[in-house]
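Just so it is clear, none of the values below were taken in a lab; they were calculated from the coordinates. Computed from a prediction, not measured in an experiment: that's the story for all the values here. For neighbour counting, all protein chains shown are included, and Cβ atoms are generated from backbone atoms with ideal geometry for every residue, glycine included.
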Ligand code: NAD
């Protein structure tokens, strides 16, 4: 691969269509969140660019879908190996583009992008379809699965390469071709990956990436008649728009959306494990993970002890420039997002809630060139009502609310009393209670006595306003293929 150009300032990205980098006539600025400076210029693609990408994907579909799973698997493994060989460059670029710490990019985000390709390269070899005999009718029924066609893939800014590859890998493993659009705020690693596609053996047109905004490039994909499937990860608000725009075409939709995830901490919880894990689940990646904990319910008799120990742990979290390997948190994604998150903290204060920690950003020891960066300290709010917008809406930043509860029944009702239903965490050493509570929570995932342990074979996704559909080994296979039932009369 040629030397990555991201070391230059004002890097100019290009769309990747039909196996070639294609210049775009319009561009947007994309910022380095740790300084507020322009990091790169991203194509501001619209209908014209999306049409070209869809045409390329349509042209590539017959040959790619005709390849055997093993042939496609080999390409995916090769691509994974190539990304891994450039892991450090990808990690540096992701950290600079998104504001996450270099440690998070190195140890979590880019390795997971690599693993996404290896994982689907492997699972594609092991799927089977169904068969049902009807001897009394002299019939055999069986199902076949075929790729859907051109897949439209739209991803957010919080885990840029991780979430984009979580879509591209299953889409192409199953024989689809794709038109993908990363977030306009974090496009660099997707563009870097395009440089590796040819060497990996991805034929031209199988993976096309158009960069740009949601209203222009995103909507052009969603409303394109030749894109029968959309896999979207992002906010609930955008998902509503996508459902409206795709409705006339009856598209297959997978929607992975926001959360307002509770952690429920009973008085028999192992606090030595629970507290550091809950600090992590609240603030990792600056709280910019859809699965982050943002409502912590603590049983009354351990509430004071929990608060004290939790805040003590939070104060040890180091906020620093993303390139600092000792930092636990970097910068949030944008100035607008910083203002939005601060708005919730102000709201809590105006409502009479208490801010236990989070003040004092001015005392941060950061270089002068980072003084305009979008930094915020991890913030803990208490004495906040369940009805407050801080307890109901997704803040998606380093802010968590802690409130007391008394009974199991009460906490289940309160934990479920939000429009979201993505994930929950339950802490207790009573096995019966853990099972009872996990079953009653209206969320797509429940972690008990741990957080974010994922077997990619199992379904990932949310209930209620947190999404439609699930992704994972079998679920992604089913989503990215059309099933047909064939009946043979003997
Ligand atoms: P967003 O909805 O603003 O944007 C997501 C993507 O959609 C971007 O690529 C954006 O350009 C595009 N987009 C915006 N408007 C569009 C439109 N009208 N048509 C088509 N595409 C459009 O979300 P975001 O701010 O980038 O990401 C944060 C959100 O993502 C949070 O709500 C978070 O919880 C959610 N998220 C969910 C998961 C999950 O797996 N459930 C994972 C990560 C993030």
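With N set to the residue count of region 145-231, report its C-alpha Rg divided by 2.2 N^0.38 Å to two decimal places.
1.01
In what order do 379, 128 fall by count of nearby beta-carbon atoms within 10 Å, going from fewest to most?
128, 379
Kindly express, to the nearest 10 degrees and within the range 0 to 90, the angle between helix 110-123's C-alpha long axis and the longest C-alpha principal axis of the chain.
Between the helix axis and the principal axis of the chain, the angle is about 40 degrees.
PRE reach from residue 304 (point 7 Å along Cα→Cβ): which of region 242-275 fall under 12 Å by backbone N?
Taking a point 7 Å out along Cα→Cβ of residue 304, no residue of region 242-275 has its backbone N under 12 Å.
For helix 271-283, what angle does its Cα long axis make with the longest principal axis of the chain, in degrees from 0 to 90 and rounded to 10?
With both axes taken from Cα atoms, the answer is about 60 degrees.
Can you give the helix-only mean residue ellipticity at 222 nm for the chain, where every DSSP H stretch with n ≥ 4 adds -39500 (n - 2.57) and the sum goes over all residues, rounded to the nearest 500 deg cm²/dmol?
For the chain, the value works out to -11500 deg cm²/dmol.
List the relative contact order of the chain as a percent without decimals, with contacts defined as Cα pairs under 8 Å and 6+ residues apart.
Relative contact order comes out at 19 percent.
Along Cα→Cβ, 7 Å out, is where each label goes; now give me the distance between the ones at residue 237 and residue 389 in nm to one decimal.
It works out to 1.0 nm between the two label points.
Relative to the longest principal Cα axis of the chain, at what angle does helix 236-246 sit, 0 to 90 degrees, rounded to 10?
Once rounded, one gets 20 degrees.
Over all alpha-carbon pairs of the chain, lay out the pair-distance distribution in 20 Å bins, whole %, shortest bin first.
Computed distribution, short to long bins: 24, 54, 21, 1, 0.
With 10 angstrom as the radius, rank 255, 161, 271, 70 by how many other C-beta atoms surround their C-beta, starting from the fewest.
Ascending Cβ contact count within 10 Å gives the list 70, 271, 255, 161.
What ranking do 44, 430 get, fewest neighbouring Cβ atoms within 10 angstrom at the top?
Final ranking by Cβ density, sparse to dense: 430, 44.
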